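Before any comments, here is the structure.
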Amino acid sequence: MIRRIFHSCLVVLVLLDLFISKHPHFIWENIPGFDAVCGFIACALIIAVAKTLGLLLKKKEDYYD
């Protein structure tokens, strides 16, 4: 139930983006939903980098023995 409410709020926010007048600095900021897609991609990249660093920096279980 909470997930449906969350997803519907996200859809409403992206749809509202169509009706808000913007003053973009770059041409790609005129694309509807650009902020949502950019935020999702940035979040996914942060998670991927964190998991990769976790694998690279992990110590063996008997490291302190």
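None of the figures in this text is laboratory data; all of them are computed from the coordinates on show. What you are looking at is a predicted structure, and each value in this text was computed from that prediction instead of being measured. Cβ: placed from backbone, ideal geometry, glycine included. Neighbour counts: every protein chain shown.
Any chance you could give the angle, 0 to 90 degrees and rounded to 10, that helix 2-16 forms with the longest Cα principal axis of the chain?
Helix 2-16 sits roughly 50 degrees off the main axis of the chain.
Given the -39500 (n - 2.57) contribution per DSSP H run of 4+ residues, what per-residue ellipticity at 222 nm results for the chain, rounded to the nearest 500 deg cm²/dmol?
Values: 2 runs with 39 residues, N = 65.
Value at 222 nm, helices only, nearest 500: -20500 deg cm²/dmol.
Could you give the size of the charge dipole of the chain about its Cα centre, using +1 on the Cβ of each K and R and -1 on the Cβ of each D and E, expressed in debye and rounded to the nearest 20?
The dipole of the chain has a size of about 140 debye.
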